[in-house]
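The values are calculated or read from the model by the stated rules, or taken from the named source; none is laboratory data. Quantities reported herein were computed from a predicted structural model and do not represent experimental measurements. Cβ atoms come from the backbone with ideal geometry, glycine included; neighbour counts cover every protein chain shown. All accessible areas refer to the heavy atoms of the entire protein, side chains included, with ligands and DNA or RNA removed. Shrake-Rupley method; radii C 1.70, N 1.55, O 1.52, S 1.80 Å.
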Amino acid sequence: MAYNVLLFADPGVDDSFAIMYALLNPNINLVAIVSGYGNTPKEQSVKNSAYLVDLGGREDIPIIAGAAGPLSGEPVQYYPEIHGPEGLGPIRPPDSFQNVEVHDFNKILEIINQYKGSLIIVNVGRLTELALMFILYGDNALKDVTAFYIMGGAFLVPGNITAEAEANFFSDSIAARIVMEKAHNVYLYPLNITNRAIITPDVVEILTENSPTPFRSLLKPTFDYYFKAYQKNVPGIKGAPIHDVVPLMAITNPDIFKYIPRRVRVEEFGNAKGKSIADFRPKPDSEPPETIDFIAMEADIQKFVENFMEVFLKGEYEKK
């Protein structure tokens with residue numbers, strides 16, 4: 001049986017690969033996408049999500065409008081040099097996606113009730129929308145969600161926005177703290193492993209030549225743009241990390257990852273804003289069981305690449 005997944009994203013090149021991966025993976029039933037600000041403004045994020053589900057023949061998947069900015073009210077910084085001016089590298093969604101039908105925030109509650117006890121939330125963008133769920137609807141609003149799979153944080157390794165902070169946690173550190181404190185059964189995928197989830201140009205060439213999926217024409221131009229940005233930022237890198245595919249793959253391929261159970265906290269302000277903190281001492285301080293998160297700290301990258309290729313090279317594309 002496929003896993004029911006509600007995806008929070010801000011496409012974004014690696015978010016777009018995550019959406020494509022979810023649509024193509026027969027073990028994932030993508031029930032909706034919440035699109036908010038992050039790599040692009042909210043409006044562009046919505047268009048990109050709608051474009052991808054349409055291209056995949058899945059116009060039935062609801063697109064839910066997310067937040068336009070962080071809880072702090074600070075101005076949002078976008079990253080066109082990494083994701084392109086419209087989030088898909090050099091690709092621009094057709095003009096037909098200028099007025100996309102979107103659902104309001106309450107649709108999230110409807111979906112949680114529809115899939116009560118069998119829904120996984122995957123968050124690969126900023127955590128503003130998830131935090132708002134707790135703020136607007138109370139601590140028990142998401143109690144019927146089975147688990148939360150979150151891409152975010154960095155532990156004992158450099159950040160990618162500041163020396164210590166990863167982008168999703170830094171860009172709305174208030175929201176990140178709220179989610180890590182209030183969400184239950186959290187599986188966290190920090191830069192420790194997502195930076196190693198590298199796809200190389202050779203892999204993309206194979207997919208471009210052989211993928212039978214409707215996304216084939218997008219793969220190389222979006223990846224090449226993203227890879228060039230990483231070559232500037234990380235000299236000598238052999239490919240580009242596809243961060244946001246990692247939590248989705250972890251749902252259907254749990255054997256690829258190994259976890260450390262620890263309570264995760266997030267610094268909200270100051271020079272350490274967005275820093276993720278956990279106690280990695282051999283004998284950490286005791287914490288209440290309900291506060292423990294599962295931090296993915298090891299990954300079989302060869303299996304990651306193999307599964308990535310397998311999903312995009314599936315013998316026959318079928319609409320779910």
Taking segment 297-312 and keeping only residues that are surrounded by 14 or more Cβ atoms within 10 Å (Cβ to Cβ) and either at pLDDT below 95 or over 21 Å from residue 27 (Cα atoms) (or both), one is left with 297
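Any chance you could count how many residues in segment 219-268 are small (Gly, Ala, Ser) and part of a helix (DSSP H, G or I)? Reasoning before the result, please.
So in segment 219-268, the residues small (Gly, Ala, Ser) come out as 229, 236, 239-240, 250.
Next cut, part of a helix (DSSP H, G or I) only: 229, 250.
Number satisfying all stated conditions: 2.
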Could you tell me which residue of segment 279-296 is surrounded by the most Cβ atoms within 10 Å (Cβ to Cβ), considering only residues that are farther than 18 Å from residue 160 by Cβ and touching a residue at least 40 places away in the same chain (Cβ under 8 Å)? 293
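With respect to residue 269, determine if the residue is open to solvent by less than 70 Å² (accessible area, probe 1.4 Å) and of a type in the set (Phe, Trp, Tyr). Write out each step before concluding.
On the way: open to solvent by less than 70 Å² (accessible area, probe 1.4 Å): no; of a type in the set (Phe, Trp, Tyr): yes.
Spelling it out, it is not the case that residue 269 is open to solvent by less than 70 Å² (accessible area, probe 1.4 Å) and of a type in the set (Phe, Trp, Tyr).
Which of the residues that make up segment 64-79 are part of a strand (DSSP E or B) and either open to solvent by 70 Å² or more (accessible area, probe 1.4 Å) or of a type outside the set (Gly, Ala, Ser) (or both)?
Here is the first cut: in segment 64-79, the residues part of a strand (DSSP E or B) are 64-65.
64, the sole residue that qualifies.
Could you list, in sequence order, the residues of segment 38-61 that are part of a helix (DSSP H, G or I) and of a type outside the set (S, T, N, Q)? Steps first, please.
Kept after step one, since they are part of a helix (DSSP H, G or I), are these residues of segment 38-61: 42-55.
42, 43, 46, 47, 50, 51, 52, 53, 54, 55, listed by residue number.
How many of the residues in segment 183-198 are touching a Leu at 6+ places or on another chain (Cβ under 9 Å) and either without any contact (Cβ under 8 Å) to a residue 60 or more places away in the chain or open to solvent by less than 10 Å² (accessible area, probe 1.4 Å) (or both)? Lay out the reasoning, then the answer.
The first filter runs over segment 183-198 and keeps only residues touching a Leu at 6+ places or on another chain (Cβ under 9 Å), leaving 183-184, 192.
Then keep just the ones that are either without any contact (Cβ under 8 Å) to a residue 60 or more places away in the chain or open to solvent by less than 10 Å² (accessible area, probe 1.4 Å) (or both); that gives 183.
Residues that pass the stated criteria total 1.
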For segment 80-93, state whether one or more residues are within 15 Å of the chain's Cα centre (by Cα) and part of a loop (DSSP other than H, G, I, E, B). yes
Kindly list, by first and then second residue, each pair from a residue in segment 60-88 that is under 26 Å from residue 234 (Cβ atoms) to a residue that is part of a strand (DSSP E or B), limited to pairs with Cβ atoms under 8 Å and residues at least 6 apart or on different chains. 84/91
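Out of 213, 222, which single residue is in contact with a helix residue (DSSP H, G or I) (Cβ under 7 Å, 6 or more places away or on another chain), surrounded by 17 or more Cβ atoms within 10 Å (Cβ to Cβ) and closer than 19 Å to residue 10 by Cα?
Numbers: 213 fails: closer than 19 Å to residue 10 by Cα.
Going through 213, 222 in turn, just one is in contact with a helix residue (DSSP H, G or I) (Cβ under 7 Å, 6 or more places away or on another chain), surrounded by 17 or more Cβ atoms within 10 Å (Cβ to Cβ) and closer than 19 Å to residue 10 by Cα: 222.
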Which of (1) over 21 Å from residue 169 (Cβ atoms); (2) not in a loop (DSSP other than H, G, I, E, B) does residue 34 not meet, given it meets every other one? (1)
In segment 146-159, anything within 21 Å of residue 78 (Cα to Cα), crowded, with 19+ Cβ neighbours inside 10 Å and not small (Gly, Ala, Ser) is listed as 150, 151
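Only one of 148, 134, 155 is within 22 Å of residue 268 (Cβ to Cβ) and part of a strand (DSSP E or B); which?
None of the others qualify; the one that does is 148.
Can you name the residue in segment 234-264 that is free of Cβ contacts under 8 Å to residues at least 40 places away in the same chain and farther than 30 Å from residue 283 by Cα and is also surrounded by the most Cβ atoms within 10 Å (Cβ to Cβ) among such residues?
Restricting attention to segment 234-264, the residues satisfying the condition of being free of Cβ contacts under 8 Å to residues at least 40 places away in the same chain are 234-237, 254, 260-263.
Applying the additional criterion that residues be farther than 30 Å from residue 283 by Cα yields 234-237.
Numbers: 234: 13, 235: 7, 236: 5, 237: 15.
Ranking the qualifying residues of segment 234-264, first place goes to 237.
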Please work out if residue 125 is open to solvent by less than 50 Å² (accessible area, probe 1.4 Å) and at pLDDT 95 or above. yes
Please specify each residue of segment 162-182 satisfying the condition of being in contact (Cβ under 8 Å) with a residue 40 or more places away in the chain, farther than 18 Å from residue 246 by Cβ and not hydroxyl-bearing (Ser, Thr, Tyr). 164, 165, 170, 172, 174, 175, 177, 178, 181, 182
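I'm checking my understanding of the structure. Among residues of segment 235-250 that are aliphatic (A, V, I, L, M) and within 13 Å of the chain's Cα centre (by Cα), which one is nearest to residue 153 (Cα to Cα)? Walk me through it before giving the result.
So the first thing to find is which residues in segment 235-250 are aliphatic (A, V, I, L, M), and the list is 237, 240, 242, 245-246, 248-250.
Going one step further and asking which of them are within 13 Å of the chain's Cα centre (by Cα), we end up with 242, 245-246, 248-250.
Values: 242: 15, 245: 16, 246: 13, 248: 17, 249: 18, 250: 17 Å.
Residue satisfying both the conditions and the ranking: 246.
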